[in-house]
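Enquirer: Take a look at this one; I'll ask things after.
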Amino acid sequence: MSAHAAPLNFGGLEPDQVTLERARVVMIPVPYDRTASYQKGTARGPRAILEASTHMELYDDELQVEPYTIGIHTAPAVSGNEDAPEVMVRKVEEATARYLAMGKMPVVLGGEHSVTLGAVRAYRKAFPRLSVVQLDAHGDLRDAFEGSPYNHACIMRRVVEEGVPTVQMGIRSMSREEADFIKVRGLAIVPAWEFLRRPESALQAVDRLTDEIYLTIDVDYFDPGILPGTGTPEPGGPGWYETLSFLRDLCRRKKVVGFDVNELRPMEDDKSSDFLTAKLVYKVIAYRFFAPGRRPD
Ligand SMILES: [Mn+2]
């Protein structure tokens, strides 16, 4: 794979199915992993998601619809490791804002989790009463990490400090500093074990948020048994079906106005993580635009 590899469209859609004019959803790849702390490689995530997506069935057998018919356009990649973190965040914000202004739903494909900050900033300008639902093994609530406030371990701290209501779900690893911050701020956390024992606990937490939801999914939220391809795998995460059921219910209760998926670290010989991530992106689109009982536009 090279930086000059041929452009890929999400789902392997033909150019006439994915023109920007007709598309409701725009994929924004952000191949960035400059602040990754443990294992690099998430910069290759967007390309791996797009490649895996070309092998998916475009028919959703659960909802019995073809979600691609709403129009999914894949935009050129934004930023890269040559950019300092604050430059990357600004470029992601600008690109996201541009597609929002055109009436599209931009979907950022990371890259490390710091890609979320630019997207949330743009979405908040379009939806001032935005809340964030984060699926993640980690709180990402450190004040700074390895010298940078834009490190991927800090990104939700920045979001919370900007006054955005949040629910963090699937959490199972944090520092003392983060645990103290959660207590002091009274943040809503649904640990992985609580969600697995009582799935309704996540929905009860979501019910206390505002109506317009931005969803950020760090794929290390999933159990590494089904998603080993990530930089910081943590044991004991949720599986596929309980997560789909949560996402379906979320799209019924709230207006999911946008989302991103991040922290996929493609593996050489095992494409299961890439494929899960591509299918996850497609399922969120399916629930958002086609699930029975979903919140209307
Ligand atoms: Mn994480």
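Enquirer: Run through region 76-183 and list the trypsin sites (Lys or Arg not before Pro) located in a DSSP loop whose Cβ has at most 11 other Cβ atoms within 10 Å. All intermediate terms of the calculation are to be shown ahead of the outcome.
Expert: Values: sites: R90, K91, R98, K104, R121, R124, K125, R129, R142, R157, R158, R172, R176, K183; in loops: K104, R129, R142, R172.
For trypsin sites (Lys or Arg not before Pro) across region 76-183 that sit outside H, G, I, E and B with at most 11 neighbouring Cβ atoms in 10 Å, the list reads R129.
Enquirer: Right, here's the next one. Specify, per residue and in Å³, the volume enclosed by the convex hull of the alpha carbon atoms belonging to region 185-262.
Expert: Working: hull volume 8.2 nm³, N = 78.
Given the Cα convex hull of region 185-262, per-residue volume reads 105 Å³.
Enquirer: First measure r as the distance between the Cβ atoms of S37 and Y59, then evaluate 1/(1 + (r/R0)^6) with R0 = 35 Å and state the FRET efficiency to the nearest 0.05. Walk me through the numbers on the way to the answer.
Expert: Details: r = 39 Å, r/R0 = 1.13.
Approximately 0.35, to the nearest 0.05.
Enquirer: Just want to confirm a number: the relative contact order over region 10-290, from Cα pairs under 8 angstrom separated by 6+ residues, in percent.
Expert: 22 percent
Enquirer: Please identify the DSSP H helices in the chain that span no less than 15 Å along the helix axis (Cα) and have a mean Kyte-Doolittle hydropathy of -0.5 or more.
Expert: Working: long enough: 85-101 (24 Å, -0.19); 115-126 (18 Å, 0.19); 240-253 (20 Å, -0.54); 272-290 (26 Å, 0.62).
Long hydrophobic helices here: 85-101, 115-126, 272-290.
Enquirer: Any lysines with Cα under 23 Å of the K271 Cα? List them, leaving off those in the same chain fewer than 8 positions away.
Expert: K40, K279, K283
Enquirer: Just grab the label-to-label distance for S245 and R197, each label 7 Å out from Cα along the Cβ direction, in nm (one decimal).
Expert: The two pseudo-label positions are separated by 1.7 nm.
Enquirer: Ranked by Cβ crowding within 10 angstrom, fewest neighbours first, how are H138, H152 ordered? Working shown, then result.
Expert: Values: H138 26, H152 32.
So the ranking, lowest neighbour count to highest, is H138, H152.
Enquirer: May I pose another question? Starting from the 7 Å offset along Cα-to-Cβ, what nm value, one decimal, do you get for the label separation of D180 and R22?
Expert: 5.7 nm
Enquirer: Further, regarding this structure: Rounded to the nearest 500, what is the 222 nm mean residue ellipticity of the chain from helices alone, with -39500 (n - 2.57) per DSSP H run of 4+ residues and division by all residues? Write out the running numbers ahead of the final one.
Expert: Working: 9 runs with 102 residues, N = 297.
My calculation for the chain gives -10500 deg cm²/dmol from helical runs alone.
Enquirer: How much length is gained on full extension from E162 to R208, taking 0.36 nm per residue of separation minus their Cα-Cα distance?
Expert: On the way: separation 46, 0.36 × 46 = 16.56 nm, distance 1.83 nm.
Stretched out fully, the E162 to R208 stretch lengthens by 14.7 nm.
Enquirer: So how strong a dipole does region 10-290 carry about its Cα centre when Lys and Arg Cβ are +1 and Asp and Glu Cβ are -1, to the nearest 20 debye?
Expert: On the way: 34 positive and 42 negative charges, 189 e Å.
Its charge dipole is roughly 900 debye.
Enquirer: Among Y214, Y59, G170, which residue has its Cα furthest toward the positive end of the charge dipole of the chain, with +1 on Lys/Arg Cβ and -1 on Asp/Glu Cβ?
Expert: Y214
Enquirer: Here's another thing I want to ask about it. Can you find, among V261, L203, H73, the residue farthest towards the positive end of the dipole of the chain? Put +1 on the C-beta of Lys and Arg, -1 on that of Asp and Glu.
Expert: L203
Enquirer: Taking only the alpha-carbon positions of the chain and ignoring solvent, what does the Debye formula give for the base-10 log of I(q)/I(0) at q = 0.09, 0.15 Å⁻¹?
Expert: The calculated log intensity ratios at q = 0.09, 0.15 Å⁻¹ are -0.37, -1.16.
Enquirer: Suppose every K and R has +1 on its Cβ and every D and E has -1 on its Cβ; what is the size of the dipole of region 23-142 about the Cα centre, in Debye to the nearest 20?
Expert: Details: 14 positive and 15 negative charges, 132 e Å.
I would put it at about 640 debye.
Enquirer: Rounded to the nearest 20 debye, what is the charge dipole size of region 1-94 about its Cα centre when +1 sits on each Lys and Arg Cβ and -1 on each Asp and Glu Cβ? The partial results should precede the final answer.
Expert: Values: 8 positive and 15 negative charges, 92 e Å.
Result for region 1-94 is approximately 440 debye, rounded to the nearest 20.
Enquirer: With a cut-off of at most 13 other beta carbons within 10 Å, and DSSP calling the residue loop, which GluC sites (Glu not before Pro) in region 6-96 qualify? Please list them. Kindly include the intermediate steps, with their values, before the conclusion.
Expert: On the way: sites: E21, E51, E57, E62, E82, E86, E93, E94; in loops: E21, E57, E62, E82.
Passing both the DSSP loop test and the Cβ count: E21, E57, E62, E82.
Since every read-out is calculated from the coordinates, none of them should be taken as a lab result. The structure presented is a predicted model; accordingly, all values stated were derived computationally and were not measured. Positions of Cβ are generated from backbone atoms using ideal geometry, with glycine treated the same way; all protein chains shown enter the neighbour counts.
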